[in-house]
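Asker: I have a structure here, written as structure tokens, and I will follow up with some questions on it.
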Amino acid sequence: MKNNYNCLIVDDERAMCETLAFHLQDKNYNIFIADNAINAINIFNSNKIDIVITDVKMRGLNGLELLKKIKEINNDVPVIVITGYATIDLAVEALKNGAYDFISKPFQIEKLLITLENAIEQYKLKFENQNLKKEINSKIKFYDPLIGESKAIVELKKLIDDVAKTNSSVLISGESGTGKEIIAREIYQKSNRNNKPFYALNCTALPTNLVESELFGYNKGAFTGANESKKGILEIVNDGTLFLDEIGDLSIEIQAKLLRVLENKEFYKIGGVEKISVDFRLIAATNKNLKQLVKEKIFRDDLYYRINTVELHIPPLRERKDDIKLFINYFLNKFAIELKKPVPVLSKEVEKKLLSYSYPGNVRELKNIIERIMIFNKDKVIKNIDFLNPDSEDVQDLLDDNNQILPLKEFEKKYIYKIYNKLNKNKSQTAKALKITRKTLDSKLKSLL
């Protein structure tokens, strides 16, 4: 056994405790011993106990009473009950009260070791599943909500409510950064499949061959490097919701295979001969004009009509200026919590700049701007944000080829080096200007190289 687990042995016969401890320590168990139920409860409350072995006949509280107490404290920890006075009624009562197993004395130590190992595996699997569920739920819950009170967003919210309870395919269109995945998750959360898997795949993030293997999975030996079989996303997301972002970038070959899955509800793994049946809801998104791609023979017309049962369009942020202030307030509070800083006040000049800016990168750009404001701001009132002036020389260095603000790490790197170079590479003056220590500056310069 690779991992060490904490095992609590409870028996008023010292010889039995020492015998069990001898064998279990040899299997890498960490042993805790108690000669009565009260001591056992104290040990259980003071330590992370992974499994309990208890005798039934003991002074004071007996083993079955101890079992009930442990289950009240932590119902997940497996408890194995052993006794030299075994009866069917006793065994039934123990199992009814939550015992993992009931073993009669005398017993073979090998049998106990196997029972322990099985109990630990079941406990570990349950623990991992609980953590995975919490992780998934926290990620979904943490995702930014659909924000907006403009006419376009109010109408969009109504459409989401109408389509969510159906199983129809949905196509979400809109410029990059408008929040297409947020819409997809809103649909998922309000759907009848919200307790089933949700999987998002960005079709531009992977080359064609990897997109195929990610979607369909593969069998061992299907291609060079396939050293073991792998489930594909289509199999994992069965009964749930699949979100394909930027579906317009899928190759014609993958488009054809995806269409067959949507029509037949079955597919083959790469290198597989066995059909796999699936039933999932597809939500797709694009920042491209799919109708135009169909005319250009870049996107299949049959797939276009198959995925476009309902189309939801998200207007760019510049066309819904009324929502900008809502986003600003939301992101200021969001990053204040994350960075453990007070929410600053925006000066009228700064608020005017933020409300009048065109946001070519849409909501994503606004979110990045507010995050940077919160990272670098040291004052209660934000009085200046020069990087919002697109004609500024300083700002041009902080925009990418698409005129969108750079990712945070690149932004920070250019920002620090710009101040550093302007101050003739004087580290002391640079640190003072940035309101950080000299040591912090050295660390950042080193990490940003």
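The values are calculated or read from the model by the stated rules, or taken from the named source; none is laboratory data. Quick caveat: nothing in here was measured; it's all calculated off a predicted structure. Reconstructed Cβ throughout: ideal geometry from the backbone, glycine too, with neighbour counts over all protein chains shown.
Asker: Confirm whether residue 38 is touching a Leu at 6+ places or on another chain (Cβ under 8 Å) and surrounded by fewer than 16 Cβ atoms within 10 Å (Cβ to Cβ). Working first, answer last.
Answerer: On the way: touching a Leu at 6+ places or on another chain (Cβ under 8 Å): yes; surrounded by fewer than 16 Cβ atoms within 10 Å (Cβ to Cβ): yes.
Taking the combined requirement at face value, the residue satisfies it.
Asker: If you take the residues in region 73-109 that are among the β-branched types (Val, Ile, Thr) and assigned to a loop (DSSP other than H, G, I, E, B), which one is surrounded by the most Cβ atoms within 10 Å (Cβ to Cβ)?
Answerer: Per the criteria, the residue is 77.
Asker: Within region 221-265, which residues are within 26 Å of the chain's Cα centre (by Cα) and more than 16 Å from residue 280 (Cβ to Cβ)?
Answerer: Start the filter on region 221-265 by keeping residues that are within 26 Å of the chain's Cα centre (by Cα), which leaves 228-250, 258.
Hits for region 221-265 are 228, 229, 230, 246, 248, 249, 250.
Asker: Please go through region 131-157 and pick out each residue that is modelled with pLDDT of 60 or more and within 25 Å of residue 338 (Cβ to Cβ).
Answerer: 143, 144, 145, 146, 147, 148, 149, 153
Asker: For region 304-332, which positions are under 23 Å from residue 254 (Cβ atoms), crowded, with 19+ Cβ neighbours inside 10 Å and in contact (Cβ under 8 Å) with a residue 24 or more places away in the chain?
Answerer: Passing the criteria: only 307.
Asker: Go through (1) surrounded by 14 or more Cβ atoms within 10 Å (Cβ to Cβ); (2) at positive phi for residue 340 and report which single condition fails.
Answerer: (1)
Asker: Is it true that residue 207 is out of contact with any helix residue (DSSP H, G or I) (no Cβ under 7 Å at 6 or more places or on another chain) and surrounded by fewer than 21 Cβ atoms within 10 Å (Cβ to Cβ)?
Answerer: yes
Asker: Determine if region 277-289 includes at least one residue that is modelled with pLDDT under 95, more than 26 Å from the chain's Cα centre (by Cα) and under 18 Å from residue 171 (Cα atoms).
Answerer: yes
Asker: Now for a different question. Run down 324, 375, 307, 385 and say which single residue is at pLDDT 90 or above, of a type in the set (A, V, I, L, M) and not assigned by TED's automatic domain parsing to the domain that holds residue 173.
Answerer: Numbers: 375 fails: at pLDDT 90 or above; 307 fails: not assigned by TED's automatic domain parsing to the domain that holds residue 173; 385 fails: at pLDDT 90 or above.
Selected residue: 324, the only one of 324, 375, 307, 385 that is at pLDDT 90 or above, of a type in the set (A, V, I, L, M) and not assigned by TED's automatic domain parsing to the domain that holds residue 173.
Asker: Take the residues in region 46-72 that are among the small types (Gly, Ala, Ser) and surrounded by fewer than 20 Cβ atoms within 10 Å (Cβ to Cβ), then tell me which one is nearest to the chain's Cα centre (by Cα).
Answerer: The first filter runs over region 46-72 and keeps only residues among the small types (Gly, Ala, Ser), leaving 46, 60, 63.
Within this subset, residues satisfying the condition of being surrounded by fewer than 20 Cβ atoms within 10 Å (Cβ to Cβ) are 46, 60.
Details: 46: 32, 60: 48 Å.
By that ranking, first place goes to 46.
Asker: Can you confirm whether region 114-122 contains a residue that is touching a residue at least 40 places away in the same chain (Cβ under 8 Å) and over 17 Å from residue 5 (Cα atoms)?
Answerer: Scanning region 114-122 turns up no residue that is touching a residue at least 40 places away in the same chain (Cβ under 8 Å) and over 17 Å from residue 5 (Cα atoms).
Asker: Another question, if that's okay. Of all residues in region 275-303, count the ones that are within 25 Å of residue 197 (Cα to Cα), free of Cβ contacts under 8 Å to residues at least 60 places away in the same chain and among the aliphatic types (A, V, I, L, M).
Answerer: The number of residues fulfilling the criteria is 3.
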